[in-house]
C-alpha cells in the first residue's frame, strides 16, 4: 500500500480537466498515507527517523561498500516497514557519471572526495556531502605471505609481480600517494581497472602482491593475507555520502544516510574494515 | 526435397556447377535488372524496420561524432601514448586473427565435414565464448593458462612461459573471444559448399588433406575472409578478457579499448576522442580490405 501511494505522488496527477477532483484525490491519498505512517510510529521502530519514510530508496554506492551496505539495507527495511532499498554498486566514477546524466537515485556514497566532487560540481547533490567512513591501504599477499613482504619497499624486489590500481581510480591514486610518501619507485606488472580485479590477481596467485584497501582484504576472508604499512596513513581515503537533489524519495534517502552515520551503522562498517572519520 | 539419388549422379554436378560457379561473374547484372521491375523500391514492411535498424546502429556513432572534442583532437593524435596503444591494438588483433585462422579453419572443417558423436555439443561449446561475459572469459583463461592455472603451471615449469601480463597474453585473450566468430562463419560456408567437389577430387586420387587444400579452401575463401574480418574487428575492440587476463600496462598490454576505458574515468572527452581514433582506423582498414581483396575474391 505505501508503494502505491508513493507512486501516485510522483506523477503529480496533472488533471487538466478536473483539477479540483484531482487534488481531492491527492488529499485522500495523503491522508491514507499519513494514517499508515501513524500506525508505523505506533509499532515503535526505535530509530530516530520520522515515520513518513516509505517506498523505494535507491542508493548508488562504491563497490567497496557492497557487503556492509547490503547489511544496512536489510536493517533499514526492517526498521521502516514498507520500504525497499535498491542498491547500485559500481565504480564511484561510473556512478557519478550516471547521476550527473540524470539517473534516478536518492543517495550517493562515493569512495573518494574527487568522485563526489563530480556530483556536487554538477549541482546534483542536496546539501553538503559528509565523510562517513575512511579506508586505508594494505598490501594483499597470498595466504601465509610466502614472499615475506613486510613493507612497501619489499614490493620493489626484482622478480616480484605486483599489481596496482590504475591512477585514474581512487585506489590507484591512493597507492601512488603512499609510494610517493615512502619514496618508493615501483613498476608493477599491471595497472588494474579497479580494486577488486587487483585483488583477484592475488587470489588466483597470478600476482605476488597488490596494493588494495583494508576492507578488500577483510572481504576476501582467508584468501589473501593483509600487510599493514606505515605509509598508508598518508593516503587515507575519505568516503563522502549525500542525498541527491533530484531524489525521487528524499525522505527515504535522508533516513538511510542517518542510519549509515548512526552508531549501529558505523559498527557494521567497522566490522568490514572501515575506520571512523 | 527428393534426395539427390541416382539421377543426380549424372545431372547433379553440372547443375551445381552452373549454380555456384558463374554466380560471382554475372552478379552485377541481376542486381541492376530488378530495379525497373519494382519502381517503388522496397516494400514498406521491410523498409521501415530496415531503416529503424540502421538508425539504431548508427545513431550512437553519430552522437559520438557530435559530442567529440574536435579541438583537442590534434593534440591527442600527436600523443605518443595513443600511437603506442593503437599500434599494440593493431598488432595484437592481427596476431589473434592469424591464430584464429590457423586453429579455427580446421576446427570449422571438422565440425562441417566429419560425423562424430557429440558433434552438436562440440558446436555449442565452440560458441560458448560468445555468450560468456568477456571478463568471466578472462578469469577462466587465468584459471587455465595463468601461472597457477590448470595448464599454465606446466607451461611455467617446463618452458618458463607465463602468459598473464604479457603481449602474448593479449593475443590469447583476443583469440579466445574472436575465434568463435571465424569458426561459425567458416563452418556455415563449408556446410553450404557442395561436398561433391571434394568427392570428385578424391575420385581423381587426391587425399583428404590435398582435397581440403586445393579444392575446399579456394571454394570457401570468401567465407574465411568474412570470418577473419569479423574476428579481427571483435579482437580489435576486445576489452574484458584482455584486461582480466593480460592486465593493463602501457606499451605491453594496454590496447586502445583499455586506454579508452581508463580515460573514461578521468576525462570522458579524451575517451570519446580515443574511441573515434579506433573507429576511424578500423573503418579505414576494413574498407581498404574490402576494395582491394574481398571484391576480387
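Listed residues A:114, A:124; which is within 22 Å of the chain's Cα centre (by Cα) and within 14 Å of chain B (Cβ to nearest Cβ)? Talk me through it step by step, then tell me what you get.
Values: A:124 fails: within 14 Å of chain B (Cβ to nearest Cβ).
The unique qualifying residue is A:114.
Hey, can you tell me all the residues within the stretch A:55-97 that are assigned to a helix (DSSP H, G or I), touching a strand residue (DSSP E or B) at 6+ places or on another chain (Cβ under 7 Å) and farther than 17 Å from residue A:216 by Cβ?
Answer for the stretch A:55-97, where residues must be assigned to a helix (DSSP H, G or I), touching a strand residue (DSSP E or B) at 6+ places or on another chain (Cβ under 7 Å) and farther than 17 Å from residue A:216 by Cβ: A:73, A:76, A:77, A:95.
For residue B:229, state whether it is within 23 Å of the chain's Cα centre (by Cα), assigned to a helix (DSSP H, G or I) and buried (at least 23 other Cβ atoms within 10 Å of the Cβ).
Criteria not met by residue B:229.
Only one of B:262, B:279 is in a helix (DSSP H, G or I), within 8 Å of chain A (Cβ to nearest Cβ) and modelled with pLDDT under 90; which?
Residue meeting the stated conditions: B:262.
Test each condition in (1) touching a helix residue (DSSP H, G or I) at 6+ places or on another chain (Cβ under 6 Å); (2) within 30 Å of residue B:113 (Cα to Cα); (3) surrounded by 18 or more Cβ atoms within 10 Å (Cβ to Cβ) for residue B:184 and report the one that comes out false.
The one condition residue B:184 does not meet is (1).
Restricting attention to the stretch B:190-198, does a residue exist that is touching a strand residue (DSSP E or B) at 6+ places or on another chain (Cβ under 7 Å) and over 21 Å from residue B:279 (Cα atoms)?
Checked the stretch B:190-198: no residue is touching a strand residue (DSSP E or B) at 6+ places or on another chain (Cβ under 7 Å) and over 21 Å from residue B:279 (Cα atoms).
Keeping to the stretch A:168-187, report how many residues are in contact with a strand residue (DSSP E or B) (Cβ under 7 Å, 6 or more places away or on another chain) and surrounded by fewer than 24 Cβ atoms within 10 Å (Cβ to Cβ). Give the derivation first.
The initial filter retains those residues of the stretch A:168-187 that are in contact with a strand residue (DSSP E or B) (Cβ under 7 Å, 6 or more places away or on another chain), namely A:170-172, A:174-175, A:178, A:186.
Filter once more, so that each one left must be surrounded by fewer than 24 Cβ atoms within 10 Å (Cβ to Cβ): A:172, A:178, A:186.
Selection size over the stretch A:168-187: 3.
Name the residue, out of A:223, A:205, that is within 14 Å of another protein chain (Cβ to nearest Cβ), at positive phi and surrounded by fewer than 22 Cβ atoms within 10 Å (Cβ to Cβ).
Details: A:223 fails: at positive phi.
After applying the criteria, what remains is A:205.
So which residues in the stretch B:99-127 are more than 16 Å from residue B:238 (Cβ to Cβ) and either in contact (Cβ under 8 Å) with a residue 12 or more places away in the chain or buried (at least 19 other Cβ atoms within 10 Å of the Cβ) (or both)?
B:101, B:103, B:105, B:107, B:108, B:109, B:111, B:112, B:113, B:123, B:126, B:127
The values are calculated or read from the model by the stated rules, or taken from the named source; none is laboratory data. Predicted model only: the values in this text are computed from it and were never measured. Glycine gets a Cβ as well: all are built from the backbone with ideal geometry, and neighbour counts include every protein chain shown.
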